[in-house]
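Scroll down for the structure; my scribbles are underneath it.
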Amino acid sequence: MENKPEAFNYVKEMYIEELGRFTLIENKCTVFLTLLTIMIGTFGMLVGFNNQKMFKPNSMFEYLELLFFGLAVFSMICSWGHFLLALKISKSPVAARNIETSNWFKIAKKDECINHIYNCYADTTPKITAAITKKIKIIDVAYNELALTAWFVSGFSLIKIYLEYSS
């Protein structure tokens, strides 16, 4: 196989690009996980201050308030769990790096070395893409749960406001 610098640079750039996407996805998960943790804590504290009346419902609106609260907490925790799952440390695909390969490079011809590096990049890039795709599916579920949380918190808030001003 003839070594073409263009082909080598292409597979190397694709590898670097996919590795960058992988890192970006993980960083975004970390930010959302932190945000959700703060939201869960804040929501819990706000409800904790006014829990005597909320957990002893007497009217239909109070039951609805409790239902929306429960659904909001449930969907928030599910979303938190999915973001955590997306951050799960698994077998991360990287190019070969071991002592045998390093020693082989010492004795191999230049063309063989270039071919081996090319193959490492070419083999690893689809594995990184597959890992990213898997993480994106989990993150998509987490975003949907986060959207549901927003709806449930909105419903909870509207009922809470109604109950506060109607009494």
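Annotations for the structure displayed:
- P(r) tail fraction, region 25-66 - alpha-carbon pairs more than 15 Å apart, %: 57
- Within the straight-line cut-off of under 12 Å between alpha carbons, the aspartates and glutamates reachable from residue 53 are 62, 65, 164, sequence neighbours fewer than 8 places apart in one chain being disregarded.
- Computed [θ] at 222 nm, deg cm²/dmol, the chain (DSSP H ≥ 4; -39,500 (n - 2.57); rounded to nearest 500): -30500 deg cm²/dmol
- Solvent-accessible area per residue, Å², over region 1-93 with all protein chains present [probe radius 1.4 Å]: 68
- Inverse mean reciprocal Cα-Cα distance (Kirkwood Rh) of region 94-155, Å: 15.0
- Long pairs among 4/135; 12/135; 4/137; 4/127; 110/134; 4/28, criterion Cα-Cα beyond 26 Å: 4/135; 4/137; 110/134; 4/28
- Surface composition of region 1-67: carbon plus sulfur atoms hold 68% of the accessible area, using a 1.4 angstrom probe and ignoring ligands, DNA and RNA.
- Under 11 Å from a label point set 7 Å out along the Cα-to-Cβ vector of residue 77, no amide N atom of region 22-57 is found.
- If the segment from residue 110 to residue 10 were pulled out straight at 0.36 nm per residue, it would be longer than the present Cα-Cα gap by 34.1 nm.
- Of interest is the spacing of the C-alpha centroids, which for region 134-167 and region 36-65 amounts to 13 Å.
- Peptide packing for 110-119, 79-88, 145-154 was compared via the average number of neighbouring C-beta atoms within 10 Å per residue; ordered from the highest value, the list is 79-88, 145-154, 110-119.
- You can think of it this way: the chain between residue 59 and residue 27 has 7.0 nm of extra reach, that is 0.36 nm per residue less the Cα-Cα gap.
- Just so you know, the Rg over Rh for the chain is 1.29, from Cα atoms, with Rh as the Kirkwood radius.
- Relative to the Cα centre, the charge distribution of the chain, modelled as +1 at Lys and Arg Cβ and -1 at Asp and Glu Cβ, gives a dipole magnitude of about 320 debye.
- Percent accessible area from carbon and sulfur atoms, region 120-167, protein chains only, probe 1.4 Å: 67
The values are calculated or read from the model by the stated rules, or taken from the named source; none is laboratory data. On a predicted model such as this, the values are computed, not experimentally measured, just so you know. Cβ coordinates were reconstructed from backbone atoms using ideal geometry, including for glycine residues, and neighbour counts include every protein chain displayed. We work out accessible area using only protein heavy atoms, side chains counted, and drop any ligands, DNA or RNA first. Shrake-Rupley method; radii C 1.70, N 1.55, O 1.52, S 1.80 Å.
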